[in-house]
Amino acid sequence: MIGIFGGTFDPIHYGHLRSALELKELFALEHVRLIPCAQPVHRDEPMANAIRRLDMLHLATANQTDLIVDAQELQRSGGSYTFDTLTALRGDYPNVPLLLFIGSDAFNDLTTWYRWQELFDLAHIVVITRPNAALHPLTDFFKARLTEDKQLLKKQLSGHLFFQQITQLAISATAIRGMITAQQNPRFLLPDAVINYITQHQLYQG
Ligand code: ATP
């Protein structure tokens, strides 16, 4: 099984990294792919450009072979759609179950995503819980796909919805950007190599 963890990563921080590693171990995954979105469709433009965000991902995951940076959304033009990303991965891995990880905040908006119902034809969706995010009640569409049987995710390539609690670190990229703009030290919230890169390129200075 392969895990897919998308985001703006503006910048990547230990909330992302710790979750990705914990999920890799919880589901005994071959690897987790961290996929930065080039042009978000559902939120504001990131502050750092896509190349900078990609560089920071590479710095954060150096020597961590089970976390793979996948830049495919930067290689496509136009908006970044999870449907396109999963379609490409399904082509690359025709016989491997794919787990799409999304935070509960993002899951609450899933029905606004491009071709969202078809995401279940391509992957399982695993919702990871996040501090302060309450879940909306599940509709029949989701109830029909919900499972509590982790083994089922391994046996089928796609199609199920699973909820996974993970250790929650209350770290957000928004808070980190705010600290940097306010000239506070964000150390221990994200890797030093990423902080050095931010300083070098004067990102998030306001
Ligand atoms: P921002 O503050 O700019 O919204 P963010 O910190 O939420 O950024 P994103 O890049 O938007 O980071 O998130 C990518 C994915 O990581 C999302 O699915 C999000 O729910 C999840 N995520 C972000 N921070 C954490 C955290 N501290 N713990 C667990 N999951 C997280």
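The values are calculated or read from the model by the stated rules, or taken from the named source; none is laboratory data. Note that the structure is predicted; figures quoted are calculated from it, not measured. Every residue, glycine among them, receives a Cβ derived from its backbone with ideal geometry; neighbour counts consider all protein chains shown.
Okay, residues lined up against (1) at pLDDT below 95; (2) loosely packed, with under 15 Cβ neighbours inside 10 Å; (3) not in a loop (DSSP other than H, G, I, E, B):
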position	(1), (2), (3)
Leu190	no, no, no
Ile198	no, no, yes
Leu203	no, no, no
Gly206	yes, yes, no
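Tally the residues that are part of a helix (DSSP H, G or I) and within 13 Å of Gly6 (Cα to Cα), restricting the search to segment 90-133. Before you say what the answer is, go through the steps one by one.
Residues of segment 90-133 that are part of a helix (DSSP H, G or I), as a first pass: 90-92, 104-107, 110-112, 116-122.
Then keep just the ones that are within 13 Å of Gly6 (Cα to Cα); that gives 106-107.
Qualifying residue count for the region: 2.
With the condition kept exactly as written, say whether any residue in segment 43-60 is in contact with a helix residue (DSSP H, G or I) (Cβ under 7 Å, 6 or more places away or on another chain), at pLDDT below 95, near the ligand (Cβ under 10 Å from one of its atoms) and not β-branched (Val, Ile, Thr). Within segment 43-60, one or more residues are in contact with a helix residue (DSSP H, G or I) (Cβ under 7 Å, 6 or more places away or on another chain), at pLDDT below 95, near the ligand (Cβ under 10 Å from one of its atoms) and not β-branched (Val, Ile, Thr).
Take the conditions surrounded by 16 or more Cβ atoms within 10 Å (Cβ to Cβ) and within 15 Å of Arg33 (Cβ to Cβ) and apply them to Val96. Does it pass? No, not satisfied. Would you check which residues across segment 153-171 are assigned to a loop (DSSP other than H, G, I, E, B), surrounded by 15 or more Cβ atoms within 10 Å (Cβ to Cβ) and not hydrophobic (A, V, I, L, M, F, W, C) and list them? Correct list: Ser158, Gly159, His160, Gln168. Of all the numbered requirements in (1) assigned to a strand (DSSP E or B); (2) within 13 Å of the ligand (Cβ to nearest atom), Arg18 misses one, and that requirement is (1).
Each row is one residue, and each column tells you yes or no for (1) small (Gly, Ala, Ser); (2) in contact (Cβ under 8 Å) with a residue 40 or more places away in the chain; (3) farther than 23 Å from Leu57 by Cα.
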position	(1), (2), (3)
Val127	no, no, no
Leu135	no, no, yes
Asp140	no, no, yes
Leu157	no, yes, yes
Gly178	yes, no, no
Thr181	no, no, no
Asn185	no, no, no
Asp192	no, no, no
Gln202	no, no, no
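Considering only residues that are within 15 Å of Ile2 (Cβ to Cβ) and loosely packed, with under 15 Cβ neighbours inside 10 Å, look in segment 57-87 and name the one that is farthest from the chain's Cα centre (by Cα).
Initially, segment 57-87 is screened for residues within 15 Å of Ile2 (Cβ to Cβ), giving 65-70, 72, 82, 85-87.
Filter again for loosely packed, with under 15 Cβ neighbours inside 10 Å, leaving 65-66.
Values: Thr65: 17, Asp66: 15 Å.
Ranking the qualifying residues of segment 57-87, first place goes to Thr65.
Selection of segment 151-179 for residues being away from the ligand (no atom under 11 Å from the Cβ) and closer than 27 Å to Ala48 by Cβ yields only Met179. Applying the set (1) surrounded by fewer than 22 Cβ atoms within 10 Å (Cβ to Cβ); (2) at pLDDT 95 or above to His13 leaves exactly one unmet item: (1).
Looking across segment 103-120 at every residue that is at pLDDT 95 or above and closer than 20 Å to Asp149 by Cα, the one that is nearest to the ligand (Cβ to nearest atom) is identified as Leu119.
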